[in-house]
């Protein structure tokens, strides 16, 4: 809790339900507060924990996006290779 009796992360949405941009923006805000060094110790610890949860959420979303891109690329590869091979085969047959 902070000195005024409220937690600096109170009433914030669960990090695991946040979108990438929302989580990133809050993380940037928290980093700014932590870098200022002006937060009391307990608030600093709570902000650090919240920042870790937000960073994990951002990494998860980015990993999922990368996986989707790799899957899309992999599904395009055989099609492109087959097209290239068939064009070469067609060219050789003509």
State whether one or more residues within the range 56-74 are free of Cβ contacts under 8 Å to residues at least 24 places away in the same chain and assigned to a loop (DSSP other than H, G, I, E, B). no
Name the residue, out of 40, 8, that is more than 22 Å from the chain's Cα centre (by Cα), free of Cβ contacts under 8 Å to residues at least 60 places away in the same chain and crowded, with 16+ Cβ neighbours inside 10 Å. 8
Take residue 16 and decide whether it is in contact (Cβ under 8 Å) with a residue 24 or more places away in the chain and outside any loop (DSSP other than H, G, I, E, B). yes
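Read-outs throughout are calculated quantities, based only on the coordinates presented, and are distinct from any laboratory measurement. Quantities reported herein were computed from a predicted structural model and do not represent experimental measurements. Every residue, glycine as well, gets a Cβ built from its backbone with ideal geometry; the counts of neighbours run over all protein chains shown.
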